[in-house]
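One structure is given here, and the rest of the page talks about it.
The values are calculated or read from the model by the stated rules, or taken from the named source; none is laboratory data. Computed from a prediction, not measured in an experiment: that's the story for all the values here. Note that we place each Cβ from the backbone using ideal geometry, even for glycine, and neighbour counts take in every protein chain shown.
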Amino acid sequence: MKKLLVLLVALIVLLATWFVLSTFTQGLLGDQSAPKASTETVKIVKEESVVVDVVKNVGPSVVTVVEIASLSSRNTINFGPFGFNIEPQQQQPQPRNIGSGFVVDSLGLIVTNKHVVSDTNSKYQIVTSNNKTYNVDKISRDPLNDIALLKVNLADNPENKLTPVIVGDSSTLQVGQFVIAIGTALGEFKNTVTTGVISGLGRGIIAGSDFQGFVEKLDNVIQTDAAINPGNSGGPLVASNGQVVGINTAVSQSAQNIGFALPINVLKDALKNFNQFGQFNRPYLGISYTMLNSEEAKLNKLAQGAYIQNVISKSPAEKAGIKAGDVITKFDGKDVKVGVNELAALIALKKVGDNVNLTVLRSGQTISISATLGSAPVE
């Protein structure tokens, strides 16, 4: 009986010791089942906090671009006892929200897409996030990129201050990076916020606007799954640090969650060019062309390069003797190829007034042509 009692006491002591040691160890290492849930909670709360902070800081700099179309005529039919007569009537222009933009300096300079303000016969306004309206006095459209700079009249609302965004660096972007898009979705819902990641870099697309029917080929754009709707064009694509890394430009009509944005470094280059000359001063050859890859060249018994479809009258190309049907195979010694050294990219590296040597295939013969680049016409 005494032995049994001793064994029972020993068992109780062992159990108590195990319990104390287990509790102490758990206190040191933490509950192994808890960190996963805790980490996920912290991650979600942090992500929400980032979005909220970005919207608070960047949202006031995002604007809605409003188009005021020119006067239009409409015929009305008046019926009377002896027949009817048709009288023309003038319709007052109706403003409509067509896109987005963002402030890049406090002196009234707004960035948007060129295709948003493509109608040169219309007048434009911008409306801020706090519903202040400014008239656009001047529009400078970049001939090289889908970018336009709007200069607004600050006297329209002298008590209101325009807050510029912080411009980031798109050369450091990585696929999978978290981004936030802000703009006037569908031309109706101001400061709509969507989130996503960078899905791809260096894409080439044909961009346009449902509102204007304007299309343009864009290279080296950012692909994102952050929802970009018609009306978002021209708004900022923002990184989690609150810096603008892109200009929302287009959305794929044939797929879901595929949007595109111009890298912000394209804008930085455009602003540098604009500030230097007071307007865009881009090198210009004066041709329309299509790029031929090796397969297309073989099918057409031509060389790969830039096939000239049209030469603009009085342009540097016409003065140099370039003709429709020519194929530019080399530009200043560099092979002109699809996706590598496309002609537009090679021209963009030059300056107005530069003399360039072109290798051209014409009627089966290879010839050399020298051309002096001019300045692209300002729209």
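Odds and ends about this structure:
- If only residues of segment 291-314 that are more than 30 Å from the chain's Cα centre (by Cα), of a type in the set (G, A, S) and surrounded by 13 or more Cβ atoms within 10 Å (Cβ to Cβ) are counted, the one that is farthest from L358 (Cα to Cα) is A297.
- Once segment 140-154 is narrowed to residues that are within 19 Å of G231 (Cα to Cα) and part of a strand (DSSP E or B), the residue that is nearest to the chain's Cα centre (by Cα) is A148.
- Among residues of segment 152-206 being touching a Lys or Arg at 6+ places or on another chain (Cβ under 8 Å) and modelled with pLDDT under 85, the one that is nearest to V50 (Cα to Cα) is G187.
- Some residue of segment 285-298 being touching a strand residue (DSSP E or B) at 6+ places or on another chain (Cβ under 7 Å), farther than 30 Å from K138 by Cβ and not in a strand (DSSP E or B): no
- Scanning segment 278-288 for residues that are modelled with pLDDT under 85 and closer than 16 Å to V360 by Cα gives a single hit, S288.
- Subset of segment 334-362 (residues that are touching a Phe, Trp or Tyr at 6+ places or on another chain (Cβ under 9 Å) and either assigned by TED's automatic domain parsing to the domain that holds G202 or among the β-branched types (V, I, T) (or both)): I347, V352, V356, T359
- Matching entry among T133, T128, T112 (being modelled with pLDDT of 90 or more, among the polar types (S, T, N, Q), under 15 Å from the mean Cα position of the chain (by Cα) and under 25 Å from I247 (Cα atoms)): T112
- Breaking point among (1) surrounded by 20 or more Cβ atoms within 10 Å (Cβ to Cβ); (2) touching a Phe, Trp or Tyr at 6+ places or on another chain (Cβ under 8 Å); (3) closer than 26 Å to F277 by Cβ, for I328: (3)
- Hits in segment 172-203 - residues which are of a type in the set (D, E, K, R) and closer than 25 Å to I126 by Cα: E188, K190
- Only one of the listed residues (G364, G339, G353, G374) is closer than 28 Å to R141 by Cβ and without any contact (Cβ under 8 Å) to a residue 24 or more places away in the chain. That residue is G353.
- Residue list for segment 155-192, restricted to those being in a loop (DSSP other than H, G, I, E, B) and among the β-branched types (V, I, T): T163, V165, I166, V175
- Of the residues making up segment 227-237, those that are buried (at least 24 other Cβ atoms within 10 Å of the Cβ) and either closer than 11 Å to F260 by Cβ or polar (S, T, N, Q) (or both) are I228, N232, S233, L237.
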